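Taking it in order: structure first as structure tokens, then the write-up.
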Amino acid sequence: MPKSIKQLTEAPQRITGGHRLCPGCAEPTIVRQVLMAAGDRPIIAANATGCLEVSSSVFPYTAWKIPWIHLAFENAAAVIAGVEAAYQQWRRKGLIAPDVRYGLVAFAGDGGTYDIGLQALSGMAERWHDCVFVCLNNEAYMNTGVQRSSATPYGANTTTSPAGRVIPGKPVHRKDLTMIMAAHDIPYVAQVAPALPPLWRHLINAAEKAFEYEGPAFLNVLSPCPLGWIHDSSRTPEIAKLAVDTCFWPIYEVDHGAWKLLYKPKEKLPIEAYLETQGRFRHLMRGDQGAQVRKEMQAWVDYKWEQVLKLCGEA
């Protein structure tokens, strides 16, 4: 059963305030909600190099109140898989009581998940390690200077896909990693967002299932970034919800092979309602070139939305 708000607020606080993440960054909200959903079980976290790691563990301080491992950009999944293998060995040797089940979780950005961490992530899933992998998806390499990743949307302005006369931002659409992970046939995959109600509840419910099920689980969580997306820090939950209400970021889960749509907007908003909130798309809001890119983006969003509806039996 999903936990009540009272139960969630009484959960152990495993990451504290006082970290140095940017105002309005969605990452601490996501991490706090994921760890709240883990309940009372002991937690061990692996954290790839990135915004979360850099800003939460500036020596000699730390915002973490759990065993926490800092590792390289690309090997979060490999490290948490190694921790899980050791944990299983300790259980077999009787060093851990059989009724105690640890929550093993890895956090990484989209660069360390979609790109240079994909091989390790796929291996973790294929080997069936009992752990949770959370992608903090802010759609670019924000920690190293807002370079494009394969999670970056078509048309977005980044330092390595600069909008100008030659290209209108990133010239190709993003990779659909959630569907790639669903194709691994693992127990649980979900695409969620830390948005305004009721969407935050879907994030927590997904995290609860991810920790509860035995075997690998993957959560792809949209993580608005005021620095890279160029938006007011107070608008993070609103912008996350606009991503969902425009169907730019569908909210769904794949639970033991069963596809389920978690949220269907009462009114599907046009993509412009989302794009106009962010400076990274400012160049698309003017001129013939911008109009053409917006048209292509809308067509892609419509195509992906229909694809999700069919898979979830909603078409």
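The values are calculated or read from the model by the stated rules, or taken from the named source; none is laboratory data. Given the structure is predicted, the values throughout are model-derived calculations rather than measurements. Reconstructed Cβ throughout: ideal geometry from the backbone, glycine too, with neighbour counts over all protein chains shown.
Here are the numbers:
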read-out	value
Of the criteria (1) charged (D, E, K, R); (2) more than 16 Å from the chain's Cα centre (by Cα); (3) more than 20 Å from HIS283 (Cβ to Cβ), which one LYS170 fails	(3)
Residue check for VAL221: outside any helix (DSSP H, G or I), in contact (Cβ under 8 Å) with a residue 24 or more places away in the chain and touching a Leu at 6+ places or on another chain (Cβ under 8 Å)	yes
Set GLU296, GLU214, GLU208, GLU272: member being in contact with a Gly (Cβ under 9 Å, 6 or more places away or on another chain), at pLDDT 95 or above and more than 19 Å from ILE167 (Cβ to Cβ)	GLU208
Any hit, region 161-182, residues being among the polar types (S, T, N, Q) and out of contact with any helix residue (DSSP H, G or I) (no Cβ under 9 Å at 6 or more places or on another chain)	yes
Criterion violated by ALA210 - all others in (1) more than 30 Å from ARG286 (Cβ to Cβ); (2) more than 16 Å from the chain's Cα centre (by Cα); (3) in contact (Cβ under 8 Å) with a residue 24 or more places away in the chain satisfied	(2)
Counted residues, region 191-227 - those being in contact with a helix residue (DSSP H, G or I) (Cβ under 7 Å, 6 or more places away or on another chain) and either charged (D, E, K, R) or closer than 24 Å to MET181 by Cβ (or both)	21
Those residues of region 243-264 which are at positive phi and either hydrophobic (A, V, I, L, M, F, W, C) or buried (at least 16 other Cβ atoms within 10 Å of the Cβ) (or both), in sequence order	CYS247
Condition broken by ASP176, with the remaining ones in (1) in contact (Cβ under 8 Å) with a residue 60 or more places away in the chain; (2) surrounded by fewer than 21 Cβ atoms within 10 Å (Cβ to Cβ); (3) over 18 Å from the mean Cα position of the chain (by Cα) satisfied	(3)
Lone qualifier among LYS268, LYS241 - being over 18 Å from the mean Cα position of the chain (by Cα) and basic (Lys, Arg)	LYS268
